[in-house]
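Let me begin by presenting the structure, written as structure tokens, before commenting on it.
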Ligand SMILES: Cc1cc2nc3c(=O)[nH]c(=O)nc-3n(C[C@H](O)[C@H](O)[C@H](O)COP(=O)(O)O)c2cc1C
């Protein structure tokens, strides 16, 4: 990815005013998009420490599981003082369960609640939640209104452009949502049918921006560089952008974007060695809530993607996947530090982290 600092200047669009979700003012227009399994509390904390993040949301949480106090689900909605404002994303197809889950979240101290209306995975979409909500106008608007009316915190919706190219419903939904009191909408500029393939439609996102008059619209999809962000803001007129996969490749991206907005230039992403330090910070965050043994198991998955993106030799990556103790982990990291990336480039400028996305026919996801 192109994350080099001091790159040729990229023209800045006329940024819209600061973003607020109702009364909740966000410190920047650059938001972390949820990536289930990756944007966990430890990751959100380290990205926020670097700076520039206006809001980070939990991964999607099943409203019913939340209401049944499922232990793993409750862990997903645990936050930390570093992870503020505190936002949780919920999904479900039953208005009462969604409203009750939202009320429970308010009791747990959330600042804002996001409704997932974009998840393309069949298990979720076919049950009428996630992207499946895009197929039922009246029911989905009623569900969202029910959640808005149930809580005093801002409620937002994250959706796709529509189910497929023949049903681009996001502009119509956005208008309805604004009318029932939703505080903002985020748009991933693809249809459900596209999954993660094809290209993001900036005109499609623009039509959502044009459909509403009071609430901010967050543009999302394939923003990997400052130039991509500039194009999204310029061509869609959106108020803010959210970034998913590129944040894993470059956790410094939010800070770079804010620097660019304020000064026109930006500092480089962290070096190879700084990335290793960041990994350790993320591991330390896991230790707050887990035994060392469990933290290592949880951490290995993230480390796999980081180290691959960081061009660490496969043998050393394989060794890392076998570590069982903190001492093993420290010595595996020390060997990685000494060897450096296989191309010898320690600047930390990375290509994309190869995050797996569902592929193949959507009905099989
Ligand atoms: C592995 C993975 C997990 C995701 N999990 C969620 C999720 O829990 N909730 C959600 O609204 N979107 C989820 N998304 C979609 C992203 O938030 C985002 O809309 C999409 O990846 C496009 O943005 P990007 O190109 O910046 O990654 C996920 C995407 C990926 C690749």
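Structure notes:
- The ranking of 31, 286, 298, 55 from fewest to most other beta carbons within 10 Å of each one's beta carbon is 298, 286, 31, 55.
- Acute angle (nearest 10 degrees) that the helix 95-107 long axis makes with the longest principal axis of the chain, alpha-carbon atoms: 50
- Exposure proxy ranking for 14, 59, 83, based on other Cβ atoms within 10 angstrom of each Cβ and starting from the fewest, stands as 14, 59, 83.
- 222 nm mean residue ellipticity, helices alone, for the chain (DSSP H n ≥ 4; -39,500 (n - 2.57); rounded to 500): -12500 deg cm²/dmol
- Fewest-first ranking of 276, 233, using other Cβ atoms within 10 Å as the exposure measure: 276, 233
- Protection proxy ranking of 43-52, 324-333, by the mean of other Cβ atoms within 10 Å over each peptide's residues and highest first, is 43-52, 324-333.
- Bridge type composition, the stretch 136-276 - antiparallel percent by DSSP, nearest 5: 0
- Summary of packing: across the peptides 256-262, 242-248, the per-residue average of other C-beta atoms within 10 Å ranks them, highest first, as 242-248, 256-262.
- Relative to the longest principal axis of the Cα atoms of the chain, helix 292-309 runs at roughly 90 degrees.
- Fraction of antiparallel bridges per DSSP, the stretch 20-263 only, in percent to nearest 5: 5
- Here the contact order of the chain, divided by its residue count and restricted to Cα pairs under 8 Å and six or more residues apart, works out to 19 percent.
- Nearest-ten-degree value, helix 226-236 long axis tilted from longest Cα axis of the chain: 10
Values quoted throughout were computed directly from the atomic coordinates according to the rules given, and no laboratory measurement underlies them. Since the structure is predicted, the reported quantities are computational estimates derived from the model, not experimental observations. As a convention, Cβ positions derive from the backbone with ideal geometry for all residues, glycine included, and neighbour counts pool all protein chains shown.
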